Amino acid sequence: MSAIHLAINSRSYAVDVDPQTSLLTVLREHLDLTGSKYGCGEGQCGACTVLIDGKAQRSCITRVGTVGAKSITTIEGLAKGDELHPVQQAFLDEAALQCGYCTSGMIMQSVSLLQKSPSPSKDEIIRFMDGNVCRCGTYPRIVAAIQKAASSLHHATAAKGAGQ
Amino acid sequence: MTDASLTPAAIEPERYELRAAPLYHFDLGRRDFFKFLGAGLVVVSVLKPLAAQESGGGRRRRGDSLPQEIDAWLHIGENGTVTVYTGKVEVGQNIRTSLSQAVAEELCVPLGKIELVMGDTQLTPFDMGTFGSRTTPTMNLQLRKVASAARDVLVGLAAEQWKTSPQHLVASDGSVKDPGSARAVEYAALIKGRQLTQTLPAEDPLIAAADWKVAGQSAPKTDGRDFVTGKHRYPSDQTQPEMLYGKILRPAAFDATLVSIDSEPAEQMGATVVHDGNFVGVAATTSELAAAAVKAIRAEWKSEPQLSSKELFDYLRKGAKQGNDPTGDGDRFELGKVDDAFASADHRLQQTYTISYIAHVPLEPRAALAKWEGDSLTVWTGTQRPFGVRGQLAEAFHIAEDQVRVLMPDTGSAYGGKHTGETAIEAARLARAAKHPVKVVWTREEEFTWAYFRPAGVIDVKSGARKDGMVTAWEFHNYNSGSAGIRTYYEIPNQRIVFHEVNSPLRQGSYRALAATANHFARESHMNELAHAVGMDSLEFRLRNLKNERLRAVFEAAAKQFGWGKSKAAGQGFGMGGGYEKLGNIATFAEVKVDRQSGEVRVIRVVSAFECGAIVNPDNLRNQIEGSNVQGLGGALFEAIEFENGRILNARLSQYRVPRFSDVPSIETVLLDRKDLPSAGAGECPMIGLAPAIGNAIFDATGARLRSLPMAPNGLKLS
């Protein structure tokens with residue numbers, strides 16, 4: 001097997017694996033990035049969600065050999081040092097988790113939504129998030145967290161604009 | 001006031017809470033604590049009020065030759081760090097935070113100073129397990145007593161140092177202060193260089209709920225940051241150096257026996273293969289290799305024809321075991337003369353309700369990592385009963401319990417589904433053969449198939465009422481689903497209530513709220529049917545037959561918030577359901593919308609009023625109530641396990657529908673805070689009102705009465 005090169009969280013990695021291996025397995029078992037979770041193995045629950053070139057993808061059904069040079073962001077790469085991403089902060093502020101096992105995937109899916117649509121309506125949030133499962137049932141809080149993150153991202157952008 | 005929810009009889013037997021008391025257990029001697037924890041102050045218990053209470057009589061203590069049993073509950077180190085030890089475990093109910101609040105309150109230290117060690121059989125006092133909503137009524141109280149005892153010692157030390165009376169001193173913010181002289185000393189300074197023990201029970205009165213400053217507040221999850229950054233390591237995230245990945249060869253059907261096996265191809269791939277009776281598994285360097293190796297094994301299984309889900313309800317009613325003593329076995333309750341009352345009633349009603357098997361679907365499937373060092377075994381696993389799993393491991397490997405350590409990292413949910421230790425045993429068996437640590441993580445299909453299910457059931461209800469709306473006769477038979485919540489809280493003079501045990505065709509066990517969901521669905525649906533027969537408003541009908549003030553209060557509060565009695569549009573329906581369970585009281589009102597053309601049912605709005613005594617953490621309580629209602633939607637409307645010939649037919653998330661964002665109604669919660677009553681748990685009770693509320697609302701919208709859970713897996717078929 002020849003090494004596969006991956007760009008994850010602004011770092012480059014080389015792993016010796018079969019290109020058919022799922023990206024989730026590579027992240028968790030080969031690179032010890034265990035923040036992305038296994039929930040169903042068929043792209044039905046979203047616990048394994050990562051960003052590939054900024055877009056939410058199910059890493060459990062993504063073969064590592066198909067990723068190429070695209071940039072991968074996992075939950076571990078979202079905060080800037082000690083500063084949480086506004087979506088992470090909003091999940092804490094809204095207590096939008098119970099067991100937290102779905103949380104990484106929920107956060108990555110939310111980040112992807114807000115990149116695509118900075119001020120999503122409630123219906124848009126629900127449609128975009130519907131493939132992510134939370135068995136503890138914190139959905140209403142996750143919707144509130146996304147709305148809150150949207151608003152704080154908006155304020156941050158506005159403040160930046162005003163500063164320039 | 002009739003307050004049956006506070007009497008012991010109100011705690012229904014938890015038939016399906018799988019219980020296993022360990023055979024023996026050797027604790028540390030008192031001196032050993034300091035070797036292990038460092039100097040400081042330790043609060044210990046010698047008698048085990050909690051363990052004895054939970055297990056019904058302290059079965060652990062056998063013979064006089066064992067060392068005196070001492071458990072450490074709390075340690076304050078020389079640097080002032082407070083470490084609290086509890087056998088309870090965290091699965092998302094957020095007790096790591098609520099228990100920390102209890103300690104912070106009584107010990108008078110900031111919440112951030114407290115670290116909880118949970119569910120580690122080597123470090124924490126014995127605990128039966130985390131189930132039955134027992135953490136708040138028992139462990140919260142226990143830890144408050146522990147913290148109070150520690151505070152007492154610290155205040156005493158300061159009084160000694162200052163040569164004053166403890167009565168003149170106060171504890172606050174990690175220090176003892178003397179308001180008279182403005183002196184203050186930190187706890188850490190008081191215990192520096194000492195080895196102090198305080199033994200429970202201490203006599204100190206606890207701080208009254210009305211005076212709580214930390215408890216009673218909405219503290220955020222203490223380690224929330226680890227969860228939003230992906231840093232927290234769940235059981236399935238655990239690793240060890242030289243670790244291998246394990247995979248089990250599953251039988252072709254339940255109860256199948258292995259006829260022949262050729263594991264040579266798997267061995268040639270470099271996997272360690274274990275074949276021990278019906279157990280066949282492999283350990284390999286990667287999970288893909290382990291999966292491929294299992295696939296390469298050629299195995300032939302033999303199994304008998306088995307029942308299918310289509311024949312289930314007929315089977316359950318016919319298959320009831322006949323007890324030798326039908327009136328004295330605790331499964332039967334009789335009051336008055338139910339047959340006469342039924343015969344003379346103005347309105348009579350007889351109906352049958354059914355409940356399908358459902359799966360817990362914890363988002364983190366079962367996982368365990370096992371490591372042997374000689375004959376000593378350490379297992380990290382997600383279980384609600386670490387001590388129970390320790391016993392199962394000791395038994396499986398014929399070793400003493402003190403050679404087994406089970407640790408439970410905060411786990412990706414359980415809902416009653418992780419009481420048993422299958423994965424732990426599988427990992428340990430493979431690890432012993434492979435001479436390496438081995439991790440086993442079940443696939444979703446394995447979790448759907450080889451865990452256990454919420455029991456299916458058939459419930460027959462026969463009732464009679466007078467013209468004025470008083471219920472006079474109530475006969476209730478539950479086949480298989482369980483006895484939790486089987487007794488009625490309505491004041492009915494003539495009752496016969498019977499639980500019938502059946503040999504379940506599928507492996508069944510605990511599920512959040514146990515059978516209370518099924519029994520409340522039948523009872524609260526039936527009460528509506530009876531109200532309809534009498535021609536009375538369903539709220540008025542309930543209140544006429546209900547004396548329990550706590551339950552009346554939640555029905556009235558929810559009705560007010562919901563706006564009961566308001567007019568409705570076409571296709572819209574309103575309904576309610578409620579009851580008490582696990583010391584909590586719930587009333588849930590639902591609004592549904594039914595599209596008569598497509599048959600689609602949408603739950604639009606849910607209002608729940610809940611009361612569980614003095615509230616420990618209001619926002620977390622709301623979170624639990626919301627979560628119960630969301631999870632409850634699945635069992636109410638569309639979740640059901642389909643099976644045939646020993647196989648599960650819908651063992652994938654693409655085939656088994658769980659509630660999603662788009663299913664969720666607007667949810668409002670009304671909390672009734674009874675600071676005058678002991679705090680009770682809230683993880684289960686809030687779930688029980690939803691299914692009947694939805695069923696009653698669907699009837700209100702359409703006139704169609706749905707008596708089977710799930711009620712509308714494929715929408716309604718309205719003619």
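The values are calculated or read from the model by the stated rules, or taken from the named source; none is laboratory data. Because the structure is predicted, anything quoted here is derived from the model rather than measured. Every residue, glycine among them, receives a Cβ derived from its backbone with ideal geometry; neighbour counts consider all protein chains shown.
Side notes on the structure shown:
- Residue count for region B:394-408 satisfying the condition of being surrounded by fewer than 24 Cβ atoms within 10 Å (Cβ to Cβ) and either under 16 Å from the mean Cα position of the chain (by Cα) or within 26 Å of residue B:514 (Cβ to Cβ) (or both): 1.
- Single condition residue B:652 does not satisfy, out of (1) within 11 Å of another protein chain (Cβ to nearest Cβ); (2) in contact with a strand residue (DSSP E or B) (Cβ under 7 Å, 6 or more places away or on another chain): (2)
- Any pair with Cβ under 6 angstrom, 6 or more apart, that starts in region B:299-321 at a residue that is touching a residue at least 24 places away in the same chain (Cβ under 8 Å) and ends at one that is part of a helix (DSSP H, G or I) and crowded, with 17+ Cβ neighbours inside 10 Å: B:307/B:315
- Filtered residues of region B:658-670 (kept if surrounded by fewer than 17 Cβ atoms within 10 Å (Cβ to Cβ) and either touching a residue at least 12 places away in the same chain (Cβ under 8 Å) or part of a loop (DSSP other than H, G, I, E, B) (or both)): B:666
- Which numbered condition residue B:359 fails, given (1) within 24 Å of residue B:519 (Cα to Cα); (2) surrounded by fewer than 19 Cβ atoms within 10 Å (Cβ to Cβ); (3) in contact with an Asp or Glu (Cβ under 8 Å, 6 or more places away or on another chain): (2)
- Test set (1) buried (at least 20 other Cβ atoms within 10 Å of the Cβ); (2) part of a helix (DSSP H, G or I) - residue A:144 fails condition number: (1)
- Residue count for region B:601-653, restricted to those that are among the acidic types (Asp, Glu) and either touching a Phe, Trp or Tyr at 6+ places or on another chain (Cβ under 6 Å) or part of a loop (DSSP other than H, G, I, E, B) (or both): 2
- Residue check for residue B:706: in contact with a helix residue (DSSP H, G or I) (Cβ under 9 Å, 6 or more places away or on another chain), part of a helix (DSSP H, G or I) and not basic (Lys, Arg): no
- Candidates B:265, B:251 - the one that is farther than 30 Å from residue B:45 by Cβ, more than 14 Å from chain A (Cβ to nearest Cβ) and in a loop (DSSP other than H, G, I, E, B): B:251
- Subset tally (residues that are closer than 18 Å to residue B:248 by Cβ, part of a loop (DSSP other than H, G, I, E, B) and among the polar types (S, T, N, Q)) for region B:366-390: 1
- The residues of region A:112-153 that are facing another protein chain (nearest Cβ under 7 Å) and touching a Cys at 6+ places or on another chain (Cβ under 6 Å), listed by number, are A:133, A:136.
- Verdict on residue B:363 being of a type outside the set (Phe, Trp, Tyr) and not in a loop (DSSP other than H, G, I, E, B): no
- Restricted to region A:7-111, the set of strands (runs of 3 or more DSSP E) holding at least 1 residues that are within 11 Å of chain B (Cβ to nearest Cβ), within 10 Å of the chain's Cα centre (by Cα) and without any contact (Cβ under 8 Å) to a residue 60 or more places away in the chain comprises A:49-52.
- From A:163, A:100, residue being at pLDDT below 95 and farther than 20 Å from residue A:23 by Cβ: A:163
- Scope region B:239-280; condition at positive phi and touching a Gly at 6+ places or on another chain (Cβ under 9 Å); matching residues: B:255
- Scanning region B:411-446 for residues that are at negative phi and either in a loop (DSSP other than H, G, I, E, B) or polar (S, T, N, Q) (or both) yields a total of 13.
- Region B:198-244, residues that are in a helix (DSSP H, G or I) and more than 14 Å from chain A (Cβ to nearest Cβ): B:209, B:210, B:211
- When every residue of region B:168-185 is checked against the conditions, none turns out to be crowded, with 16+ Cβ neighbours inside 10 Å and part of a helix (DSSP H, G or I).
- Region B:170-188, residues that are out of contact with any Pro (no Cβ under 8 Å at 6 or more places or on another chain) and within 19 Å of residue B:104 (Cα to Cα): B:171, B:172, B:175, B:176, B:177, B:184, B:185, B:186, B:187, B:188
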